[in-house]
Each structure stands twice: as C-alpha cells, then as structure tokens.
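One structure is given below, encoded as structure tokens.
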Amino acid sequence: MKGRIGEGKTILLGMPNWFLFNQFKNHLEGMGFKVIDISFTNKFKYRSWFDRTISFIHKNILGNKGYKAKLNFRDTGKHIRETVESLKEPVDYCLLIRSDYYSIDFIKLLKQKSNKIIGYQWDGLNRFPWVKERIELFDRFFVFDPEDLTFPSVLPITNFYFNAYSDLGVIQELDVYYLGIFVRNRIPNLIALGNQLKKLGYKSLLKIISDKDKLIKKHDNDVISIQSDYITYEENIQLVNRTRILVDFLHNAHSGLSFRVFEAIGNQKKIITDNLEVVKYEFYDPANFYIVKDKNFEGLQEFIDTPYKPLPSEIIEKYSFDNWIRYVLDLKPYQKINLPD
C-alpha cells in the first residue's frame with residue numbers, strides 16, 4: 001500500500017510483551033513499519049537466595065528500588081542485546097515503553113543503533129523512579145501524568161485507543177464493565193460500586209486479575225470477580241463492545257488517565273471514574289463521565305439511563321493510535337496531544 005507513514009522505515013519496539021504488545025506491533029506493521037521486537041517478559045525469577053537477599057537489601061535498606069529491574073534485564077535481556085548488536089546499520093526509530101526495565105548501558109547502545117530514540121512511561125515517574133536517570137538519553141521522552149511535567153525535558157501525551165477494534169453493532173448486554181490488575185486501594189471503591197449496581201438492578205462485570213489464591217477465595221461469589229488468568233486484549237475489547245459503560249478507578253501511583261478512558265472514547269462508551277482530574281480534559285462532558293467521590297453514588301441511575309453523547313470526530317481521531325504514533329515519532333501531519341495544566 002502506497003502512502004503509509006512507515007513504508008521503508010524500521011523501528012525497534014521495546015515494551016512489556018503481554019496484553020498490548022501484539023496490537024502495538026500489528027498496528028505499526030499495518031502502517032508499513034518493519035518492527036524489530038525487543039520486548040521484555042514478566043516471568044523473572046531470582047537465580048538464587050543470594051540474588052533475592054541482595055535485592056531485598058537494595059530495596060529496603062539502601063532505597064534502591066530499581067535493583068530488581070537490573071537483575072531482570074541481566075537474566076531475561078540477553079537475546080534482546082544480541083538482536084540489537086547484530087544490526088549492521090542504524091534503524092530509523094527506537095520506541096521504548098517502560099524504559100525502566102532496560103539498563104542504562106543498553107539504552108546507550110540503542111541510541112547508537114537508531115536515528116531517533118523515543119521513550120514513553122505509561123506509569124507515573126515516581127512508581128519506577130529509577131527511570132528518571134535514563135530520560136536524558138532520549139531524543140523525545142513522553143509522560144501521561146500532568147504531575148510529571150515538572151521533571152525536566154519531558155513532553156506531554158495521553159494514552160490512546162487502537163482504531164481497528166471498535167464494533168458498534170454488537171449487542172450491549174452488560175451495563176458496566178471493569179478490567180484491571182489487583183491494586184489494593186481500588187478494591188473498596190469497586191466493591192461499593194458493585195453493590196450499588198446490584199441494588200439498582202444493573203448487570204455488571206468487575207473483573208480483577210491476581211495470582212493470590214487467598215484473595216480469589218475471599219471474594220468468591222462477591223460483586224467483584226477475581227481470577228488468576230490474564231485475558232487477551234482482543235477478549236477485553238469484545239467485552240468493551242458488549243458493554244454500555246466502562247469503569248476506571250485510580251492507581252495510587254499517578255493521576256494520569258488510563259487506557260480505559262481512551263477505549264471509552266474510541267468505542268463511544270460512557271465511563272464511571274474516581275479520577276477528579278478528568279474534568280480538565282477537552283473531551284470531558286458530564287453526560288459521558290460519572291465521577292465517584294467518597295463512595296457517593298448520587299445520580300448514578302440517571303447517568304446510566306441517559307444515552308451517550310457523541311464527541312466531535314476530530315477529538316475521536318486525536319486520541320487514536322494513528323495520531324498518537326505520528327505525534328510520538330514526529331511524523332506530520334498530526335494533532336499535537338497536550339495535558340491539562
């Protein structure tokens with residue numbers, strides 16, 4: 001296909017290799033890019049009790065919370081380094097998401113092997129603070145939490161939605177849907193919401209991923225569903241399409257907007273959230289966003305029963321992956337994505 005923005009260009013893609021990686025890779029390839037996989041796994045295990053003990057000392061006594069990441073890259077990153085070292089010529093781009101996993105010396109190697117190196121931290125900088133000492137190595141480094149813009153040399157951006165997955169013709173048999181990994185501070189709000197939805201007679205699925213057997217047993221037959229098996233992104237989007245309203249509750253490590261908000265925009269869904277910052281964004285409309293504060297659900301039934309209010313097409317396009325990757329790589333034309341003050 002002629003005219004694709006990635007035609008003839010090569011990109012090194014480094015990010016977690018679960019949940020979103022295949023979609024990222026497939027969309028880039030659909031744009032014409034040749035994608036070289038330098039993703040990382042979450043299947044790290046300590047080699048020995050010595051490694052575990054030293055890691056404990058670094059984290060709890062020396063305050064070096066990034067030491068485990070160093071061991072992770074040492075033990076799982078060998079094939080990644082070999083892939084990059086084998087490159088004969090610099091590639092056009094390198095994009096790292098969660099660059100806290102990659103060692104500083106390896107990022108320096110990536111910088112030598114690519115014409116432009118870009119980073120995006122889709123967690124708050126303070127959740128993985130050792131990433132801060134890597135930022136200066138990048139040509140462009142993006143953050144999604146407005147609070148992180150106080151750090152020097154970072155650029156603003158939001159998350160996004162993938163264009164190809166919305167299916168507005170699917171029957172919506174669920175009223176409310178949530179999917180997320182286990183985060184302790186989210187559980188009380190999710191349970192309170194689940195109880196309220198049950199009381200009002202709405203059908204909900206509030207799904208949490210955790211490998212803790214005690215937690216799974218504790219909430220068996222509860223208004224929230226806890227399971228150990230990850231679901232694929234495709235399975236998640238199928239549930240999104242079957243749902244009228246999505247839920248997004250805050251992670252206590254940041255105040256930026258999660259992917260759920262942008263999945264709602266791309267799939268024309270309303271959203272229930274406890275993130276008060278959402279009112280500062282250009283797409284905020286009280287018809288589409290219900291904000292939970294102090295477990296107060298006044299007006300929830302009216303919100304659920306009110307139809308979705310369509311957004312302008314230029315706003316929907318602005319937060320798509322197509323525009324997002326153009327902006328990140330600085331491939332014009334694109335709509336610039338800012339964060340609120």
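Among the trypsin sites (Lys or Arg not before Pro) within the range 280-341, those in coil by DSSP and having at most 12 neighbouring Cβ atoms inside 10 Å are 336.
With a simple spin-label model that places each label point 7 Å from the Cα along the Cα-to-Cβ direction, the separation between residue 215 and residue 26 comes to 2.8 nm.
Annotation: peptides 86-99, 257-270, 197-210, ranked by per-residue average of other Cβ atoms within 10 Å with the highest first, follow the order 257-270, 86-99, 197-210.
Between rounded, prolate and oblate, where does the range 260-341 land on the alpha carbon gyration tensor, with a ≥ b ≥ c its root eigenvalues, rounded for a/c under 1.5, else prolate if a/b exceeds b/c? Judged from the Cα gyration tensor, the range 260-341 comes out prolate (a/c at least 1.5, a/b above b/c).
Peptides 224-234, 174-184 ranked from most to least packed give 174-184, 224-234, packing being the mean of other C-beta atoms within 10 angstrom over each peptide's residues.
Averaged over residues, the count of other Cβ atoms within 10 Å places the peptides 152-158, 78-84 in the sequence 152-158, 78-84, highest first. In this structure, residue 332 and residue 222 have a Cβ-Cβ separation that, at R0 = 41 Å, corresponds to a calculated FRET efficiency of about 0.25.
Note on residue 341 and residue 82: with the Förster distance fixed at 41 Å, the Cβ-Cβ geometry gives a FRET efficiency of about 0.35. Nearest 0.05, what FRET efficiency do residue 183 and residue 149 give at R0 = 22 Å with Cβ-Cβ as r? For R0 = 22 Å, the calculated efficiency reads 0.40. When Rg and the Kirkwood Rh are both derived from Cα coordinates, the Rg/Rh ratio for the range 165-310 amounts to 0.93.
Each reported figure results from applying straightforward, stated rules to the coordinates on display, with no laboratory input. Model, not experiment: these values are computed from the prediction. Positions of Cβ are backbone-derived with ideal geometry, glycine not excepted, and every protein chain shown enters the neighbour counts.
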